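One structure below.
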Amino acid sequence: MKSSRSYPYWFILPGGLVYLVLFLVPTVAAFWFSLTHWDLFETRFIGLDNYYQFLREPFLITGVVNTVIFGVLTSIAKSVLGLLLAVLLTSGLLGQSFLRTLIFFPVLVSTIGVGIAFAEIMHPARGMLNIGLSYFGIQGPAWLIDPNLALFSVALVDIWKGVGLATLIYIAGLATISSDYYEAARIDGATKLQMFFRITVPLVRPATVTVVTLSLIGGLRSFDIIWAMTKGGPGFSSDVLASVIYKQYQAGFYGLSTAGNIILFALVAFIVIPLTYWFNRREVDL
Amino acid sequence: MATVRLKNIHKEFNGVKILKGIDLDVNDGEFCVFVGPSGCGKSTLLRIISGLEDATSGTIEIGGKDVTKSDPIDRGIAMVFQSYALYPHLTVRDNIGFGLSLAKRPKNEIRERVDAAAKMLQLESLLDRKPKDLSGGQRQRVAIGRAIVREPEVFLFDEPLSNLDAALRSKMRIELTELHATLNATMIYVTHDQIEAMTMADKIVVLNAGHIEQVGTPMELYHHPQTPFVAGFIGSPKMNLFEGAIAKEHNADLYGIRPEHLTLSPKEGKWKGVVKHIEQLGADAIVHIHVESLGMLVVRVDGDFSITAGSTIYATPQEGKEHLF
Amino acid sequence: MKRQQIINGVIALVIGVLIFVTPFIFIGLTAVKSAAEASQLGLSWPSEWLFWDNLVAVIQARNYMLLLAYFNSTVITVGAISLLVISAAMIGYVIQRRPSKWNGFIYALILAGLMIPPAVVPTIWLLKELHLFKTLHGMILIQVAYGLSFSVLLFRSFIASIPRDLDEAAIIDGAKPWQVFFKVILPLLKPVTVTVILVQSVTIFNDFTNPLYYLPGKDNVTVQLTLYNFQSQFSSQMNLLFMNILLVTIPPLIMFIFFNKQIVKGMTAGAVKG
């Protein structure tokens, strides 16, 4: 092959250079900066002190734990709800294409806008949500005010905003499953529930991999929605790593902020890479 | 117009030897067909001549000039692809004129040359269409037009007819032959179809497993195959080839006789056998006979020849028509 | 359609509208109310329809900050996407067409771009060194860097469906490598280019985090940042804040109305392959 002449590597250069300088270099540099005391005035090597601080300070630990909770919770919810909605919206329901459009629209809307709006919707006394619940005789909680609940309330809104994308990926996945399987199963006397668990769930697996991976990566890195709704509060109860990174940056603790970045990076890598590996290995067995 | 001379062409890819020393002369104005089974290296050889691929070693001369290291554009060649490779976003006119416009020829010259090529190929009414609006045969013509318009010294064809249906294929065979007569250009044509090779070629090059088995005119290959491979490859149905007693009888390793060179008789003959199967083609019929001492024997007879499966029959090879290897 | 499907459909529609439409109705209604009425947070019909007044007030706020923000966001989005499309298509083309021992490494770098959260403070440090911090062109380049992986993957898989014969025919016709790409391949990438443009423009236009870090200051404000800035300023004027949300939602809404199918295709097709 004369590919060396026909497909020159300099084609990679323009984009590659931007990527190298503005993404790869800072990522590598971050490992060094995370080992320094770095503020407006100086950069001093302090070893792993920033990391020790992350393990010692309760509010920083909360950030790490919350990140995992938020990422895992929203990811699971989006895949489960997404699959159920996808099955529902491919069953030939009245108005199903309208419904697909409806649940997808929030995906495109500004996260900050959604966050601000929902902060008001979740107002404990006057918010639409609790007023709505009261019609059913339910006393709604103090969604964003209650420190034990704030993170989950934000997660709920994140799920609301993101489930449309999960659903559409699942719909695309379902479309690849031949109806022959369902017909064969019907002849074998399978119930709808059996068909769902024994045909749909295993065969829609590539879509599941995508939904779980995408929403996990997105969820662990979430910032906008949390910042718009609670700014990590009340107290530090809904802080995640991304908001801690921003707060430490604003406070001028650049080294600490960067250490947070590395921890987030490690978290994403340690959760997502083994997961993809495991998913792919299972796929080979199929 | 030009000669093409290949000297000791070798090609290795990932440690696999694809071509093992090809020496070949294609004369000026000759229609030369590379034929062989898939994987024999014929397409690779064509691509090496075109300059799309480099030979591992060896030299290529076109028109007496060493072009081994030249870019395709500097070799004076044009190529017609199996898939036609028409640019989907360009009209027929722009497809044919693409090379000329890359070469920055004046606009009116491009128009004239495209019009001339289109006229030759009866494409005038299609010049403003896109490839997707053309039939298979029309696309084929555009691909040929794209080659003609550049007035190359050598035309290269890579299985250009294999995507057409049988009727169109035989029509295009005739058109290509006529085109060759009109242009009187050197053409190198790759195919796996021995019928295309036989009907169109001045010279056939039979390739097998990366080397040349035999070079010759169609009738030379038919009458005097030099290797069992060529014997089996050229001619349809295939030549009957037998080892064993019959070969030893002629002091050879292999005895061959073409199906059309056997005579059948219900009463007497050299080999007695049982008719297993008859393929009736109309004008003639292919009879499969099981002969005890040989195995299966294929015979071509006149379509009117009366015969039934299961009957006993005698087959006799025509005098002097046997091939020994 | 069976009776059961119709009944289920009606139920699903009611629930769907309740969950997915009411928040937008709430935004819309609040945006046209008076400040006092808006602070009630209800879904009630506005007693006074103040659409125009609120719109003007939001636009005039802080010395027409919103108009500047729209301008900046447009510059960033258009600039970043133009660069992204060309550079990502070129990369996707070469790595698809030219298999080599480097491909695994390149592919790993691409996946890293999808996965790794950007290291913000070191990036700011670097932007300062390059005098790109707090500049629109710096922001454009950041968006190119962050959007490159996704775009390259989309282009690469699309280019795989374009037969190599076309490249070779062009080479035989005398095209130089860059001519093969720009004259033959690029025009054929229209469908996937549309997808990349749509998906990335929504992403970049809606981006809040990156402008927050890399583009602080009033002069460089982007549309999403106005929301954030107004959130504190308008805390007593919920109507104006929500009018702002409404205005910010309009561009994606327009995209959505005209290009819903292509956006969906891009987001899911890029995704199902993983």
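So here's what we get for this one:
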{"quantity": "Estimated FRET transfer efficiency (residue B:243, residue B:27; beta-carbon r; R0 41 Å; 0.05)", "calculated": "0.60"}
{"quantity": "Selection from B:231, B:160, B:190, by position along the positive dipole direction of the stretch B:147-268 (Cβ)", "calculated": "B:231"}
{"quantity": "Viscosity 0.692 mPa s, 37 °C: Kirkwood-radius Stokes-Einstein D of the stretch B:136-250 over Cα pairs, µm²/s", "calculated": "206 µm²/s"}
{"quantity": "Hz values of 3J(HN,Hα) by residue in the stretch B:225-231 - Karplus curve (6.51, -1.76, 1.60), Gly and Pro given as x", "calculated": "x, 8, 10, x, 4, 5, 4"}
{"quantity": "Residue-normalised accessible area of chain A, expressed per residue, 1.4 Å probe, Å²", "calculated": "45 Å²"}
{"quantity": "Nonlocal amide H pairs with residue C:208, under 5 Å, H built at 1.01 Å", "calculated": "none"}
{"quantity": "Estimated inter-spin distance, residue C:257 and residue A:5, nm [label 7 Å along Cα→Cβ]", "calculated": "5.5 nm"}
{"quantity": "For chain A: relative contact order, % (alpha-carbon pairs under 8 angstrom, 6 or more apart)", "calculated": "29 percent"}
{"quantity": "Of A:105, A:223, A:197, the one that fluctuates the most in a GNM where chain A has Cα springs shorter than 10 Å", "calculated": "A:197"}
{"quantity": "Potential extension, residue A:84-residue A:177 segment - 0.36 nm per residue separation minus Cα distance", "calculated": "31.9 nm"}
{"quantity": "5 Å-binned pair-distance histogram of the stretch A:132-286 (Cα, whole percent)", "calculated": "2, 8, 12, 13, 14, 13, 11, 10, 8, 5, 2, 1, 0, 0"}
{"quantity": "Equivalent ellipsoid, chain B (semi-axes from 5 times Cα gyration tensor eigenvalues, Å)", "calculated": "44, 24, 15"}
{"quantity": "Residue among A:153, A:243, A:91 with the largest mean-square fluctuation in a Gaussian network model of chain A, springs linking Cα atoms under 10 Å", "calculated": "A:91"}
{"quantity": "Using alpha-carbon coordinates, inclination of helix B:92-102 to the longest axis of chain B, degrees", "calculated": "60 degrees"}
{"quantity": "Chains C and B, summed buried accessible surface - 1.4 Å probe, Å², nearest 100", "calculated": "1600 Å²"}
{"quantity": "Magnitude of the charge dipole, the protein assembly as shown, Cβ model with Lys/Arg +1 and Asp/Glu -1, debye to 20", "calculated": "1600 debye"}
{"quantity": "Pairwise centroid distance, computed over Cα atoms, of the stretch C:207-251 with the stretch B:169-199, Å", "calculated": "71 Å"}
{"quantity": "Average partner coverage of C:89-101, which counts Cβ from other chains inside 10 Å", "calculated": "5"}
{"quantity": "Accessible-area composition of chain A, carbon plus sulfur, in percent [1.4 Å probe]", "calculated": "69 percent"}
{"quantity": "Among C:147, C:79, C:217, residue whose mean-square fluctuation peaks in a GNM of chain C (springs only between Cα atoms under 10 Å)", "calculated": "C:217"}
{"quantity": "Size of charge dipole - the stretch C:63-269 - debye, nearest 20, with Cβ of Lys, Arg +1 and Asp, Glu -1, no other charges", "calculated": "240 debye"}
{"quantity": "Accessible area, probe 1.4 Å, largest first, for residues C:45, A:143, A:278", "calculated": "C:45, A:278, A:143"}
{"quantity": "Rh by Kirkwood over Cα pairs, then Stokes-Einstein D for the stretch C:217-261 at 1.002 mPa s and 20 °C, µm²/s", "calculated": "184 µm²/s"}
{"quantity": "Residue C:93 - accessible surface, heavy atoms, 1.4 Å probe, Å² rounded to 10", "calculated": "0 Å²"}
{"quantity": "Heavy-atom accessible surface that C and A bury in contact, both chains counted, 1.4 Å, Å² to 100", "calculated": "7800 Å²"}
{"quantity": "Share of carbon and sulfur in the accessible heavy-atom surface of the stretch B:184-325 [1.4 Å probe, %]", "calculated": "51 percent"}
{"quantity": "Test item: C:24-36 mean partner chain Cβ contacts at 10 Å", "calculated": "2"}
{"quantity": "Heavy-atom accessible area order for C:137, A:37, largest first, 1.4 Å probe", "calculated": "C:137, A:37"}
{"quantity": "Average accessible surface area per residue within the stretch C:63-269, 1.4 Å rolling probe, Å²", "calculated": "37 Å²"}
{"quantity": "Residues with amide H under 5 Å from that of residue A:146, placed H, sequence gap 5 or more", "calculated": "none"}
{"quantity": "Residue (of C:267, C:241, C:70) at the positive-pole extreme of the stretch C:63-269, dipole from beta-carbon charges", "calculated": "C:267"}
{"quantity": "Charged-residue dipole, Cβ positions (Lys, Arg, Asp, Glu), chain A about Cα centre, Debye nearest 20", "calculated": "520 debye"}
{"quantity": "Nearest-10 value in Å² for the accessible area of residue C:265, using the 1.4 Å probe", "calculated": "120 Å²"}
{"quantity": "Solvent-accessible ranking of B:119, A:247, largest area first, probe 1.4 Å", "calculated": "B:119, A:247"}
{"quantity": "The protein assembly as shown: equivalent-ellipsoid semi-axes (sqrt of 5 x gyration tensor eigenvalues, Cα, Å)", "calculated": "69, 33, 27"}
{"quantity": "Phi-based couplings in Hz for the stretch B:248-265 (Karplus 6.51, -1.76, 1.60; Gly and Pro marked x)", "calculated": "4, 3, 9, 6, 9, 7, 9, 10, x, 8, 6, x, 7, 10, 10, 10, 9, 8"}
{"quantity": "Karplus (6.51, -1.76, 1.60) ³J(HN,Hα), θ = phi - 60°, over the stretch A:204-210, in Hz, Gly and Pro reported as x", "calculated": "8, 3, x, 5, 4, 3, 4"}
{"quantity": "Per-residue SASA entry for residue C:15, accessible area with 1.4 Å probe, Å² rounded to 10", "calculated": "90 Å²"}
{"quantity": "Carbon + sulfur, % of accessible area of the stretch C:63-269 - ligands and nucleic acids excluded, 1.4 Å", "calculated": "69 percent"}
{"quantity": "Viscosity 1.567 mPa s, 4 °C: Kirkwood-radius Stokes-Einstein D of the stretch C:63-269 over Cα pairs, µm²/s", "calculated": "69 µm²/s"}
{"quantity": "Label-point gap, in nm, between residue A:51 and residue C:18 - each point 7 angstrom along Cα→Cβ", "calculated": "5.1 nm"}
{"quantity": "Ellipsoid semi-axes in whole angstrom, largest first, where each is sqrt(5λ) of the Cα gyration tensor of the stretch B:192-325", "calculated": "27, 18, 11"}
{"quantity": "For A:116-122, mean number of other protein chain Cβ atoms within 10 Å", "calculated": "6"}
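The values are calculated or read from the model by the stated rules, or taken from the named source; none is laboratory data. Predicted, not measured: the structure shown is a model, and the values here were computed from it. Here the Cβ is made from the backbone with ideal geometry for all residues, glycine too, and neighbour counts use every protein chain on show. Protein only, heavy atoms only, side chains kept; ligands, DNA and RNA dropped before computing areas. Shrake-Rupley method; radii C 1.70, N 1.55, O 1.52, S 1.80 Å.
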